[in-house]
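The values are calculated or read from the model by the stated rules, or taken from the named source; none is laboratory data. Quick caveat, the model's predicted, so the values are computed rather than measured. Heads up, the Cβs are rebuilt from the backbone with ideal geometry, glycines too, and the neighbour counts pull from every protein chain shown.
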Amino acid sequence: MHQSAVASWCVVLGLLSPLTAFADGEGVAGVTDPAQARIDYMLHCQGCHGPDGAGTTDGVVPRLNGWLSRFLHIPGGREFLIQVPGSANAAISPERLAEVINWMLVSFGPVHLPRDFVAYSAEEISGLRAKPLTDVKVVREKLMDALEAANLDAPGSVMGTLDQARVVRCCQTRIVG
Ligand code: HEC
């Protein structure tokens with residue numbers, strides 16, 4: 001099935017109605033062309049992150065699938081997703097990177113998307129790319145500590161109110177494929 005058709009299909013069925021991020025009726029917020037975003041992911045990111053965002057088994061490239069959107073819940077996480085070298089240095093325009101990241105967040109992490117998620121814009125991407133990280137490893141370690149402390153999977157946490165099974169059924173298994 002065509003990717004954009006899939007996104008519309010999800011919205012038509014209203015499966016994502018609890019998530020404001022998808023309530024625009026045009027498919028996934030911040031992704032005007034899901035098929036193009038997926039192709040850009042394949043061309044620029046998949047070589048390291050894998051077709052399904054699983055990363056590498058040796059731990060060098062982190063898993064994005066089921067993980068990526070968690071960063072949006074901690075201070076500095078939103079910025080990090082763009083400042084990390086794989087994003088910041090990709091040979092792709094700010095407009096297209098915004099689409100790829102928004103697509104990745106929905107495809108790989110619908111379960112953990114904040115309810116009030118605001119899609120990345122090209123302007124935000126340009127601003128963050130202009131401020132590269134000096135030590136990725138140190139910044140990432142601090143964020144991982146913050147994620148652990150946030151304990152997002154605990155009952156009653158920020159994620160506790162989403163109908164996870166429905167969200168996963170709609171987007172995780174269909175847009176990525
Ligand atoms: C050359 C391999 C490579 C490519 C290509 C690559 N990445 Fe990555 N990516 C990594 C590695 C390694 C990390 C872990 C942080 C670090 O050491 O840079 C990472 C981390 C990330 C993270 C943060 C997740 C985390 O847990 O640290 C995001 C977001 C990300 N990459 C997005 C992208 C996007 C978007 C693209 C394509 C435009 C891309 N990457 C292309 C290797 C790559």
Considering residues of segment 65-95 that are buried (at least 20 other Cβ atoms within 10 Å of the Cβ) and more than 16 Å from Leu147 (Cα to Cα) only, the residue farthest from the ligand (Cβ to nearest atom): Ile82
Identity of the residue in segment 99-155, among the aliphatic types (A, V, I, L, M) and away from the ligand (no atom under 15 Å from the Cβ), that ends up surrounded by the most Cβ atoms within 10 Å (Cβ to Cβ): Val111
Those residues of segment 41-64 which are closer than 24 Å to Asp153 by Cβ and either surrounded by 19 or more Cβ atoms within 10 Å (Cβ to Cβ) or more than 6 Å from the ligand (Cβ to nearest atom) (or both) amount to His49, Gly50, Asp52, Gly53, Ala54, Gly55, Thr56, Thr57, Gly59, Arg63, Leu64
Conditions: (1) at pLDDT below 90; (2) over 18 Å from the mean Cα position of the chain (by Cα). Asp135 meets all but one. Number of the miss? (1)
Looking at segment 38-59, is at least one residue under 12 Å from the mean Cα position of the chain (by Cα), modelled with pLDDT of 90 or more and of a type in the set (A, V, I, L, M)? no
